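Worksheet: one structure, shown below.
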Amino acid sequence: MQFQCDTTSRKPIYRQLIDQVRRGIARGQLQPGDRLPSVRQLSRDLVVNPNTVARAYTELEREGTLLTQQGRGVFVAEPGNDLTKKARRKQLSEKLDLLFVEAVHLGFSAGELLTMVQDRIGQFAFVTEEKDAP
Amino acid sequence: MTDVIRTFRLTKHYDTRRVVDCLNLQVQRGQVYGFLGRNGAGKSTTIKMLMGMVQPDSGEVELLGEKVSAMCPKTRERIAYIAEGHPLYNWMTIGEAVRFTRAFYSNWNHTLVEQILDHFELSRKQKLRRLSNGQRAQVSLALAVAPEPELLILDDPTLGLDTVVRRDFLESLIQIIHRKGRTILFSSHILGDVERVADRIGIMVDGVLRVDCPTDHFRESVKKLVLDFPGPAPEAVDCPGLVNSWNLGSQLELILVGYDEAQRTAVEALQPRSIEIIDLNLEEAFIEYTRGRKRSLPLFAMEESRHDQSIGDQGIA
């Protein structure tokens with residue numbers, strides 16, 4: 001996966017990196033167990049301070065997206081969820097509402113929105129099936 | 001104490017103009033410090049005082065724990081300096097400049113110099129006079145890092161370089177940062193570069209250090225608010241941390257530092273129809289901050305790791 005960094009963006013560099021890793025995983029470009037470039041390597045490739053890369057990795061580790069194995073490197077973690085299905089559903093509903101607000105304001109019908117969702121769904125790596133957690 | 005650079009109430013006048021005003025600057029070991037300010041804000045004068053090339057009217061500079069006014073050559077060898085415009089002895093060849101500079105240092109990493117010169121495809125036989133600005137920057141960098149200095153002070157090192165050479169220069173700088181314990185202070189006007197390499201920034205405004213904090217903290221602190229009013233917008237709002245405001249008919253635009261509860265209350269009291277909070281990138285934040293009304297500029301100094309002594313004389317907004 002190719003990382004990028006854009007200093008004209010209003011998003012801080014460490015945020016841009018976090019979003020790229022998350023997007024990479026969601027689109028299936030990064031799989032659990034895949035190894036990410038080391039902090040030094042990515043810092044050199046993107047020409048950014050190593051602390052900025054380290055900050056992005058640390059936050060991704062904290063949320064459970066990445067895993068550091070001492071001496072081996074940084075890896076994409078197995079998807080694990082601490083939150084209950086109910087809590088996750090609530091989180092997603094809130095995001096979905098934001099999407100609906102945009103769609104309404106941009107003048108799309110419900111049907112058009114559904115078609116767009118169907119068209120794009122294939123670009124992302126969804127889990128195939130999930131048991132309901134307690 | 002791990003401060004590699006420390007100044008105590010450093011002050012300098014040119015004629016009656018105070019170009020540096022009671023500056024207390026602290027840079028810790030391992031930090032990459034972006035030293036910012038508009039032209040004439042006092043950056044270069046400060047850097048020259050750090051290097052002992054300009055005598056302060058009052059105050060003191062300590063580098064690597066030693067007073068600059070009485071620094072022994074051994075300590076001086078651990079500090080590298082690249083002056084603005086990369087001045088070199090033009091009549092020398094690159095090879096001669098390397099040999100000449102080498103004589104001043106007991107420690108000299110010849111392999112590193114060779115690597116840098118090879119990397120940039122510079123021939124030892126070339127006369128310095130005939131080099132482009134970019135090549136001059138590359139030669140001065142090679143000469144500066146050869147003694148493996150612990151502290152590098154660079155005065156606007158990428159000034160006048162084209163985009164590609166500038167990127168090469170930044171890449172070399174990143175390589176230097178990778179070597180543990182290196183401290184770098186550099187001034188620059190290219191905020192995108194600063195955002196890439198600096199952990200921490202200081203902003204000078206009219207000789208005073210107005211901002212001294214982690215790079216991300218600064219950009220996150222400066223916000224633009226757009227207030228929308230049903231009728232004509234009020235002329236202004238009075239709240240702490242206000243840097244600038246513009247009345248645009250039915251809208252009021254504000255630039256605020258350290259957006260918090262108190263400011264939110266003050267802004268909401270104007271009863272706008274809507275409030276939009278806009279994040280700024282580093283360049284936008286810098287521009288808005290430094291062009292604001294001078295005397296109302298708030299100060300702030302924050303440190304993630306050392307709350308105990310960082311606040312010092314700088315004060316907080």
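The values are calculated or read from the model by the stated rules, or taken from the named source; none is laboratory data. Everything quoted here is computed from the prediction, not taken from an experiment. Please note: Cβ atoms are built from the backbone with ideal geometry, for glycine as well, and neighbour counts cover all protein chains shown. Surface accessibility is based on the protein's heavy atoms, side chains included, excluding ligands, DNA and RNA. Shrake-Rupley method; radii C 1.70, N 1.55, O 1.52, S 1.80 Å.
Points to keep in mind about this one:
- Sequence-distant contacts, meaning Cα pairs under 8 Å at least 6 residues apart, place the relative contact order of segment B:3-206 at 31 percent.
- Estimated from helices alone, the mean residue ellipticity of chain B at 222 nm is -8500 deg cm²/dmol (sum of -39500 (n - 2.57) over DSSP H runs with n ≥ 4, per residue).
- Anchor B:LYS180: lysines whose Cα lies under 21 Å away (excluding residues fewer than 8 positions away in-chain): B:LYS74
- Annotation for segment B:185-248 versus segment A:24-53: alpha-carbon center distance of 30 Å.
- Taking A:GLN16, A:GLN69, A:GLN41 as the candidate residues, the one with maximal mean-square fluctuation in a Gaussian network model of chain A, Cα springs under 10 Å, is A:GLN69.
- For chain B, the longest principal axis of the C-alpha atoms and the axis of helix B:110-119 are separated by about 70°.
- Expressed as a whole percent, the accessible area of chain B that falls on carbon and sulfur atoms is 48 (1.4 Å probe).
- Estimated FRET transfer efficiency when R0 is 22 angstrom, pair B:GLU268-A:LYS90 (beta carbons, to 0.05): 0.20
- HN-Hα J in Hz across segment A:99-116 - Karplus 6.51, -1.76, 1.60, θ = phi - 60°, x for Gly and Pro: 4, 4, 4, 4, 4, 4, 5, 7, x, 9, 7, 4, x, 4, 4, 4, 4, 4
- Segment B:5-21 and segment B:77-141 have Cα centres separated by 32 Å.
- With the Kirkwood sum run over all distinct C-alpha pairs, chain B has a hydrodynamic radius of 21.3 Å.
- For chain A, the per residue solvent-accessible surface stands at 71 Å², with DNA, RNA and ligands left out and a 1.4 Å probe.
- Computed on chain A, with alpha-carbon pairs under 8 angstrom and 6+ residues apart, the relative contact order is 24 percent.
- Reachable lysines from A:LYS85, criterion Cα separation under 23 angstrom, eight or more residues apart if same chain: A:LYS95, A:LYS131
- Low-density loop positions, GluC sites (Glu not before Pro), segment B:63-141 - DSSP coil, at most 11 other Cβ in 10 Å: B:GLU121
- For the chain pair A and B, the buried solvent-accessible surface (1.4 Å probe, both sides summed) amounts to about 1800 Å².
- Accessible area per residue for segment B:217-303, computed on protein heavy atoms with a 1.4 Å probe, is 48 Å².
- With respect to chain B, whose longest principal axis is taken over its alpha-carbon atoms, helix B:133-145 is tilted by about 70°.
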